[in-house]
Number of protein chains: 2
Amino acid sequence: MANLKQLAQSLGLSITTVSRALDGYSDVSAATRQRVREAADKAGYRPNASARRLRKQRAELVAVTLPSEPGHIGPLHFLDMLSGCAEHLAGAGLNLVIAPVPHGESELDMCRRFVDGRRVDAMLLVRTKRQDERVEFLQSRGFPFVTNGRTESAIQHPFIDGDGFSGFHAATLRFHQAGHRRIAHVGGPQDYFFAHVRRQGWEAAMSECGLSPDLYSEQMPTEQGGYEAALALLARSDRPTAIVCATDEMATGVLRALREVDGGQSISVVGHDDLPIGAFTSPALSTMRMTGGNLGRSFASLLLRTIAGEPAEALQELHSIEFVDRDSHHLPTILA
Amino acid sequence: MANLKQLAQSLGLSITTVSRALDGYSDVSAATRQRVREAADKAGYRPNASARRLRKQRAELVAVTLPSEPGHIGPLHFLDMLSGCAEHLAGAGLNLVIAPVPHGESELDMCRRFVDGRRVDAMLLVRTKRQDERVEFLQSRGFPFVTNGRTESAIQHPFIDGDGFSGFHAATLRFHQAGHRRIAHVGGPQDYFFAHVRRQGWEAAMSECGLSPDLYSEQMPTEQGGYEAALALLARSDRPTAIVCATDEMATGVLRALREVDGGQSISVVGHDDLPIGAFTSPALSTMRMTGGNLGRSFASLLLRTIAGEPAEALQELHSIEFVDRDSHHLPTILA
DNA sequence: AAGATCATCCAAAACGTTTTGGGTGTCAAC
DNA sequence: GTTGACACCCAAAACGTTTTGGATGATCTT
């Protein structure tokens, strides 16, 4: 119930002085500053957020869009990442709002609502497409944002991404060095940047090895999608001996298909994302993941810095990929 | 960039009229209403959120606290629930902010910040304790909130909860009817309401069957906690033949312990929550879950109604528990 | 033709904060 | 004893909206 006016009145001071005392300005004497602070503590005073936001022209809010399309979102334990991000943003006085796209509305409409209504100071986009209309819109508005995943936008923007090309390139080479020759790729929709670049990594490695990137099946990035992709590959006469999957979720579907098919167990599988579920599949799923510590904190930091106006070029993080070897891949078949 | 003043000026109308036209008041003629709406659309005008919030004395925000303590949060796929909740809140013009408790701050401090700073219109609390200081604080402030899980508060408050007592009671009876006599319970910290009530359900069923509720082990509600609890139970001379676990996460730890011990595979296990991971453990985890459709929507509805001032008694949902039978429990040992 | 009713519009206040641009009094310097 | 310099304080404006309480004519009633 306490506001600045009441606090000022009870102290016999002006609103201005109370405000500046609490903000620690030097033009209020140490004595009154002390007196004001004590009174504020006692009254449990906190500045009214809406009023400050209006006056300072900052929403003190960041929105993260939650995709409505099926399939898991990249980083392992997405909620943990959001939680970490929210915590670090809170340290700077910002809160994180989650913004699922409402039924019958596009992600673009949603961005528009947030931007034009000045509801937030920045946006965090996940699951970027190669041509991402949200990115284009925010860039046209000059609105701060950070993406999880790159795009093919001509204009630079802040992002954090894993180096999917190198990861899938290395995974494919590793299989090749272990003696595999029929190495398949189960890919996701190619309009997603991550899916495209992972496929390219696989293709590049294949052609470096003199193999044709032929064993390819594309599906939705879901368990069911992986299952169907695997069935398609297994029906071929040149059945693969190893399958590199665009995501762990697809890989679990692939494993399901392999369990249902004769000799399926001997086929190697590797996924990407290091979903917690991977440790429990049978066989336990070998996978890859982005390196780099507290992802949430990194996003928070990038968001704050882009709000502060730092140039996009300084706010781009491309992390390397590391392997998480479990039981679903067989390397020692030849091994030198 | 467009605000009401500029829009009004360009239309040759007053700010009042433009505002009321957009809000659909009847004291502006259909003609000018039309004219104003078109101009607003063309300019992409959206009312400044901070200004409206200040004027209307509503934050248009709801916060959900994310517990920092380890262990998974109840409902299956918590993020999906939040997403559904956020979507339905958005339909009423409210956004959902996620509020992890910052390092070195208590959940209570966090509530205080949100409430006293009028940063939100309501709070959503998860993982309630039997005596929950957050609940007491919010009640003392008369601040709207909804909990996921009941408390022992003397004053009523809105909640959604599963009927853990009946669920664990039924699960225990079911084991008894199948011939089990040494039925253990792996419980969580008893200051959590859910953990306490689940234990009580087990205890009640045991004593109804003339069995002493002796095979009990309590641990943190984590995989590791379940593992340790199971080890303790397995070390006993009256080793259990069935284990009812407070949560799926603990149950996966129990399964790990059983895999490491002679004859462990023959011991029945059932969990609670229906975590996605349960389908992939070996054996696949039998579990229980709360009935009731779109949980997120229910939370959103309760939040909106408590903000609107409906009495707490009308805003309490106790959902029954249903079994999800998979492979980790063995009922047919005797079976009539 | 005066009064009442109605349809349409608007000026000004209010929400609670931060910031601008001084104002007042004291003290030291000249 | 005037001039700065300094320390401390404050009135008022501003942020952009919603809402209150009319004002102005036009139309209808009697």
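Which of the residues belonging to the range A:293-321 are touching a strand residue (DSSP E or B) at 6+ places or on another chain (Cβ under 6 Å) and closer than 17 Å to A:Leu275 by Cβ?
A:Ile321, the sole residue that qualifies.
Residues in the range A:296-333 that are surrounded by 21 or more Cβ atoms within 10 Å (Cβ to Cβ) and either over 19 Å from the mean Cα position of the chain (by Cα) or within 14 Å of chain B (Cβ to nearest Cβ) (or both): how many?
Summing the residues that are surrounded by 21 or more Cβ atoms within 10 Å (Cβ to Cβ) and either over 19 Å from the mean Cα position of the chain (by Cα) or within 14 Å of chain B (Cβ to nearest Cβ) (or both) in the range A:296-333 gives 5.
Can you pull out every residue in the range B:266-276 that is surrounded by fewer than 24 Cβ atoms within 10 Å (Cβ to Cβ) and outside any loop (DSSP other than H, G, I, E, B)?
B:Ser266, B:Ser268, B:Pro276
Whether any residue in the range A:45-64 is of a type in the set (D, E, K, R), without any contact (Cβ under 8 Å) to a residue 40 or more places away in the chain and open to solvent by less than 40 Å² (accessible area, probe 1.4 Å) is what I want to check.
Yes - at least one qualifying residue is present in the range A:45-64.
Would you mind stating whether A:Ser26 is within 12 Å of DNA strand D (Cβ to nearest atom), in a loop (DSSP other than H, G, I, E, B) and small (Gly, Ala, Ser)?
yes
For B:Arg289, are the conditions met, namely being within 30 Å of B:Asn95 (Cα to Cα) and within 14 Å of chain A (Cβ to nearest Cβ)?
Here the answer is no, as B:Arg289 does not meet what is asked.
Taking into account only those residues within the range B:247-265 that are within 14 Å of chain A (Cβ to nearest Cβ) and open to solvent by 20 Å² or more (accessible area, probe 1.4 Å), which is nearest to the chain's Cα centre (by Cα)?
That would be B:Glu249.
For the range A:131-144, give me the residue count where each residue is of a type in the set (Gly, Ala, Ser) and open to solvent by less than 10 Å² (accessible area, probe 1.4 Å).
0
Considering only residues of the range A:10-28 that are among the polar types (S, T, N, Q) and more than 11 Å from DNA strand C (Cβ to nearest atom), which is nearest to B:Ser140 (Cα to Cα)?
Applying the filter and picking the extreme gives A:Ser10.
Can you find a residue in the range A:145-162 that is surrounded by 21 or more Cβ atoms within 10 Å (Cβ to Cβ) and in a helix (DSSP H, G or I)?
Checking the range A:145-162: not a single residue is surrounded by 21 or more Cβ atoms within 10 Å (Cβ to Cβ) and in a helix (DSSP H, G or I).
If only one of B:Glu38, B:Glu60 is more than 13 Å from DNA strand C (Cβ to nearest atom) and over 21 Å from B:Gly117 (Cβ atoms), which one is it?
B:Glu38
May I ask you to list the residues in the range A:3-23 that are within 14 Å of chain B (Cβ to nearest Cβ) and near DNA strand D (Cβ under 10 Å from one of its atoms)?
A:Leu4, the sole residue that qualifies.
Can you tell me which of A:Phe145, A:Phe193, A:Phe114, A:Phe137 is under 26 Å from A:Asp248 (Cα atoms) and among the aromatic types (Phe, Trp, Tyr)?
Going through A:Phe145, A:Phe193, A:Phe114, A:Phe137 in turn, the sole match is A:Phe193.
Is it the case that the range A:282-291 has a residue that's more than 22 Å from the chain's Cα centre (by Cα), surrounded by fewer than 18 Cβ atoms within 10 Å (Cβ to Cβ), without any contact (Cβ under 8 Å) to a residue 60 or more places away in the chain and part of a helix (DSSP H, G or I)?
No, the conditions are met nowhere in the range A:282-291.
Could you list, in sequence order, all residues of the range B:193-214 that are farther than 11 Å from B:Thr172 by Cβ and open to solvent by less than 50 Å² (accessible area, probe 1.4 Å)?
B:Phe193, B:Phe194, B:Ala195, B:His196, B:Val197
Is there any pair linking a residue in the range B:2-19 that is within 11 Å of B:Tyr45 (Cβ to Cβ) to one that is within 6 Å of DNA strand D (Cβ to nearest atom) and hydroxyl-bearing (Ser, Thr, Tyr), with Cβ under 9 Å and at least six apart or on different chains, and which?
Partner pairs satisfying both residue conditions: B:Leu4/B:Ser19; B:Ala8/B:Thr16; B:Ala8/B:Ser19.
Name every residue in the range B:29-59 that is in a loop (DSSP other than H, G, I, E, B) and within 11 Å of DNA strand D (Cβ to nearest atom), in order of residue number.
Within the range B:29-59, B:Tyr45, B:Arg46, B:Pro47, B:Asn48, B:Gln57, B:Arg58 meet the criteria.
Taking A:Phe78 as meeting all but one of (1) within 13 Å of DNA strand C (Cβ to nearest atom); (2) within 10 Å of chain B (Cβ to nearest Cβ), write down the number of the exception.
The single condition A:Phe78 does not satisfy is (1).
Checking the conditions here, which among B:Ser83, B:Ser140, B:Ser106 is of a type in the set (Ser, Thr, Tyr) and either within 14 Å of the chain's Cα centre (by Cα) or at positive phi (or both)?
B:Ser83
The values are calculated or read from the model by the stated rules, or taken from the named source; none is laboratory data. This structure is a prediction, so every number in the text was calculated from the model and none was measured. Ideal geometry is used to build each Cβ from the backbone, glycine not excepted, and the neighbour counts take in all protein chains shown. These area figures cover heavy atoms from the full protein model, side chains too; ligands, DNA and RNA do not enter into them. Shrake-Rupley method; radii C 1.70, N 1.55, O 1.52, S 1.80 Å.
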